[in-house]
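These notes are about the structure you will find just below.
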Amino acid sequence: MTLTYVLVHGAWHTGQAWARVVPLLAASGRRVFTPTLTGYGETAHLLSPDVGLGTHTDDVVRLLEEEDLRDVVLVGHSYAGMVISAVANRVPERIARLVYLDAMVPTDGENAFDVMPIPRSMLGTGWRMPPLPELPAPFGLFGVTDPGDVAWVRTMLSDQSIRCLEEPVAMDNPALAAIPRTHIHCTVKPDGFDRRPVPAVQPNGEPADVRELATGHDCMITAPGELADMLLDVPVSMPV
């Protein structure tokens, strides 16, 4: 059976962010899907105050059901840690492993502000939030510092709705706890973006699986080979 990866981009980005990783996974015989969530990129015209975590959860669940994807390695980058958590709560029977890629890792009932208390002053006013600004090296634009890559990232960035960060996640399905998890942390990060420690034991009782990449936040752009190798290395139990 072919192993399937669904890679979910973070806030402000699009599925195009995974363009350097997809061929590396595919070369190892994996099926790969990289949906663009509602309100970003080519769907930016659909952005509204009502677009939120529930919208993006629906996007991914719809993909899994329409393509009848099962035994999926579901990868969520950054904000998409909220999304993959909600998706796994909805359709746990389709998920083989959750991978939190430098991502928010919530518990039931939390929203993104609970997981990572970003000062609202950084996010502008009103219901639309522009992308975070570029920072001095070594942090750059979402961790990207190469000028050509920065220019490429800018082509895929667009605003998002603040509802994405305000809407709480549901993680109350008992079957969710049985899904194993991997956490990948990017170690080059600015002050003020501290992550929660990963508990030593996963919800399913297994030891925590925590890995590190010595690069910035958008590791799929800055270190695609290392990331692909790490994703291919995560343990997945396939049905006989």
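Before moving on, here are some points about what is shown:
- Any pair with Cβ under 6 angstrom, 6 or more apart, that starts in region 96-108 at a residue that is among the hydroxyl-bearing types (Ser, Thr, Tyr) and ends at one that is modelled with pLDDT of 95 or more and open to solvent by 10 Å² or more (accessible area, probe 1.4 Å): 100/183
- For the residues 96, 44, the requirement of being open to solvent by less than 20 Å² (accessible area, probe 1.4 Å), more than 14 Å from the chain's Cα centre (by Cα) and farther than 26 Å from residue 194 by Cβ singles out 96.
- Annotation note: of 154, 195, the sole residue that is more than 17 Å from the chain's Cα centre (by Cα), under 26 Å from residue 40 (Cβ atoms) and open to solvent by 30 Å² or more (accessible area, probe 1.4 Å) is 154.
- Residue under evaluation residue 127, criteria (1) touching a residue at least 24 places away in the same chain (Cβ under 8 Å); (2) open to solvent by less than 70 Å² (accessible area, probe 1.4 Å); (3) of a type in the set (A, V, I, L, M, F, W, C), criterion not met: (2)
- For the residues 146, 58, 68, the requirement of being more than 15 Å from residue 13 (Cβ to Cβ), touching a residue at least 40 places away in the same chain (Cβ under 8 Å) and out of contact with any strand residue (DSSP E or B) (no Cβ under 7 Å at 6 or more places or on another chain) singles out 146.
- Restricting region 24-43 to residues that are among the β-branched types (Val, Ile, Thr) and more than 14 Å from residue 7 (Cβ to Cβ), the residue that is modelled with the highest pLDDT: 38
Okay, residues lined up against (1) open to solvent by 80 Å² or more (accessible area, probe 1.4 Å); (2) in contact with a helix residue (DSSP H, G or I) (Cβ under 9 Å, 6 or more places away or on another chain); (3) in contact (Cβ under 8 Å) with a residue 24 or more places away in the chain:
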| position | (1), (2), (3) |
| --- | --- |
| 138 | no, no, yes |
| 178 | no, yes, yes |
| 182 | no, yes, yes |
| 214 | yes, yes, yes |
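- Any pair with Cβ under 9 angstrom, 6 or more apart, that starts in region 71-85 at a residue that is open to solvent by 10 Å² or more (accessible area, probe 1.4 Å) and ends at one that is at pLDDT 95 or above and polar (S, T, N, Q): 71/4
- In region 1-26, of all residues being in a helix (DSSP H, G or I), open to solvent by 10 Å² or more (accessible area, probe 1.4 Å) and of a type in the set (A, V, I, L, M, F, W, C), the one that is farthest from residue 95 (Cα to Cα) corresponds to 24.
The values are calculated or read from the model by the stated rules, or taken from the named source; none is laboratory data. Quick caveat: nothing in here was measured; it's all calculated off a predicted structure. Here the Cβ is made from the backbone with ideal geometry for all residues, glycine too, and neighbour counts use every protein chain on show. All accessible areas refer to the heavy atoms of the entire protein, side chains included, with ligands and DNA or RNA removed. Shrake-Rupley method; radii C 1.70, N 1.55, O 1.52, S 1.80 Å.
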